């Protein structure tokens, strides 16, 4: 064999090995993003599972707050209907998911405001335990979202960097959407003591 043929075969073998290595690395990162997304969904599901117990506890003390209680239940129902396939984590789908979850957070805030008017409710042991679980779940949601964003960033950087972007384009690896701050989160709330 000629030396040039050996060099050509060697170069092709190195290129193939590099492509396989890059592809496998992207698959690993893709799976890590999928797992991180599953963890986020798990925490949102945990919150959704707490809501019926919380509503029932409040209902026992504040039954005439039907509108608020129905709002929480309706927001929960809508949020559990919005699901995203991890392979389709686009900006648009993420926005729909965040809107549904934001509606739940908003409804829960209204429920907490109602609970402030009922000192006997705030003293109820079950209500206190549910509130502690809800606070813990909100913290877990934040941590899961942060971990997801880290994994998405690693994945997106890998598929966009040259020359890995060529492998990503050939095999159809697409950017994944990150969680972004909600509109208005950059402005401090107005506090008034009138």
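For residue 187, work out the one condition from (1) farther than 28 Å from residue 80 by Cα; (2) at pLDDT 85 or above; (3) under 25 Å from the mean Cα position of the chain (by Cα) it doesn't fulfil.
Residue 187 satisfies every listed condition except (2).
Please find, among 120, 92, 129, the residue that is within 16 Å of residue 63 (Cα to Cα), in a helix (DSSP H, G or I) and over 12 Å from the mean Cα position of the chain (by Cα).
On the way: 92 fails: within 16 Å of residue 63 (Cα to Cα); 129 fails: within 16 Å of residue 63 (Cα to Cα).
Answer to the selection: 120.
Output the residue which, of all residues in region 71-89 that are modelled with pLDDT under 85 and in a helix (DSSP H, G or I), is surrounded by the most Cβ atoms within 10 Å (Cβ to Cβ).
Restricting to residues being modelled with pLDDT under 85 and in a helix (DSSP H, G or I), the top hit is 86.
Which one of 23, 44 is within 26 Å of residue 178 (Cα to Cα), over 21 Å from the mean Cα position of the chain (by Cα) and in contact (Cβ under 8 Å) with a residue 24 or more places away in the chain? Break it down stepwise before answering.
Numbers: 44 fails: over 21 Å from the mean Cα position of the chain (by Cα).
Of 23, 44, the one residue that is within 26 Å of residue 178 (Cα to Cα), over 21 Å from the mean Cα position of the chain (by Cα) and in contact (Cβ under 8 Å) with a residue 24 or more places away in the chain is 23.
For region 138-145, indicate whether the set of residues that are over 12 Å from the mean Cα position of the chain (by Cα), closer than 20 Å to residue 46 by Cβ, part of a helix (DSSP H, G or I) and at pLDDT 85 or above is non-empty.
From region 138-145, those over 12 Å from the mean Cα position of the chain (by Cα) are 139; that's our starting set.
Cutting the leftovers down to closer than 20 Å to residue 46 by Cβ gives us 139.
Okay, now just the ones that are also part of a helix (DSSP H, G or I), so 139.
Cutting the leftovers down to at pLDDT 85 or above gives us 139.
Checking region 138-145: at least one residue is over 12 Å from the mean Cα position of the chain (by Cα), closer than 20 Å to residue 46 by Cβ, part of a helix (DSSP H, G or I) and at pLDDT 85 or above.
Taking region 118-137 on its own, how many of its residues are at pLDDT 85 or above, exposed (fewer than 14 other Cβ atoms within 10 Å of the Cβ) and touching a helix residue (DSSP H, G or I) at 6+ places or on another chain (Cβ under 7 Å)?
1
Checking residue 64 against (1) assigned to a helix (DSSP H, G or I); (2) out of contact with any helix residue (DSSP H, G or I) (no Cβ under 6 Å at 6 or more places or on another chain), which single condition isn't satisfied?
Only one criterion in (1) assigned to a helix (DSSP H, G or I); (2) out of contact with any helix residue (DSSP H, G or I) (no Cβ under 6 Å at 6 or more places or on another chain) is unmet by residue 64, namely (1).
Is at least one residue of region 171-183 exposed (fewer than 10 other Cβ atoms within 10 Å of the Cβ), within 24 Å of the chain's Cα centre (by Cα), at pLDDT 90 or above and assigned to a loop (DSSP other than H, G, I, E, B)? Steps first, please.
Keep residues of region 171-183 that are exposed (fewer than 10 other Cβ atoms within 10 Å of the Cβ), which gives 172, 181, 183.
With the extra rule that they be within 24 Å of the chain's Cα centre (by Cα), the set shrinks to 172, 181, 183.
Those left that are additionally at pLDDT 90 or above: 172.
Restricting the remaining residues to those that are assigned to a loop (DSSP other than H, G, I, E, B) gives 172.
Yes: region 171-183 contains one or more residues that are exposed (fewer than 10 other Cβ atoms within 10 Å of the Cβ), within 24 Å of the chain's Cα centre (by Cα), at pLDDT 90 or above and assigned to a loop (DSSP other than H, G, I, E, B).
Condition check: within 21 Å of the chain's Cα centre (by Cα) and modelled with pLDDT of 90 or more. Does residue 13 satisfy that?
On the way: within 21 Å of the chain's Cα centre (by Cα): no; modelled with pLDDT of 90 or more: yes.
No; evaluated as a whole, the condition is false for this residue.
On the basis of being in a helix (DSSP H, G or I), modelled with pLDDT under 95 and within 30 Å of residue 145 (Cα to Cα), does residue 6 make the cut? Explain how you work it out, then say what you get.
Values: in a helix (DSSP H, G or I): yes; modelled with pLDDT under 95: yes; within 30 Å of residue 145 (Cα to Cα): no.
Judged against the criteria, residue 6 is not a match.
The values are calculated or read from the model by the stated rules, or taken from the named source; none is laboratory data. Keep in mind it's a predicted model, so treat the numbers as computed, not measured. Please note: Cβ atoms are built from the backbone with ideal geometry, for glycine as well, and neighbour counts cover all protein chains shown.
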